[in-house]
Amino acid sequence: MSTRSNGEFQFNLKADNGQVILTSEGYIAKSSCKNGIESVRKNAPLDERYERKTSTNGKDYFVLKAANGEVIGTSHLYESAQGRDTGIVSVKKMHLGRIWRSKPVVEFKKYGCKN
């Protein structure tokens, strides 16, 4: 695990096997991070919110965006487009109501900030 040098909050959406599927953007305030999680709940079921991409090294990944076009989070890199698309299906099917109650589903981290 790495820590952000800028002290921002982030969350990770995890599959049942513990693999991180989606990592959020950085948030300055804890409340903004919570809003980001709520945005995942709202936007994850909608296919049009996923931008399918290929990195410069040829690996596939996806970005989940809000209705306003803001990036909510980015997936890890997949070996194939099929793997990436399976990751999207996993996010869509995940029971997001567990997002705060189930530690394996979301990690909420605060790196280097003082309250």
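Counting only heavy atoms of the protein chains, get the accessible area per residue of segment 1-67 (1.4 Å probe) and round it to a whole Å² value. Walk me through the numbers on the way to the answer.
Details: 3680 Å² over 67 residues.
Roughly 55 Å² per residue, with all protein chains present.
Legend: calculated FRET efficiency, Ser80 to Glu38, from the Cβ-Cβ distance at R0 = 30 Å, rounded to 0.05, equals 0.45. Averaging 1/r across all pairs of distinct Cα atoms in segment 1-51 and inverting the result yields a Kirkwood radius of 12.1 Å.
On the accessible surface of segment 1-93, probed at 1.4 Å, how many percent belong to carbon and sulfur atoms? List each step's numbers first, then the result.
Numbers: 2390 of 5160 Å².
Here it works out to 46 percent.
The values are calculated or read from the model by the stated rules, or taken from the named source; none is laboratory data. Computed from a predicted model, the values in this text were never measured in an experiment. Cβ coordinates were reconstructed from backbone atoms using ideal geometry, including for glycine residues, and neighbour counts include every protein chain displayed. Side chains are part of the model used for accessible areas, which takes the heavy atoms of the whole protein and leaves out ligands, DNA and RNA. Shrake-Rupley method; radii C 1.70, N 1.55, O 1.52, S 1.80 Å.
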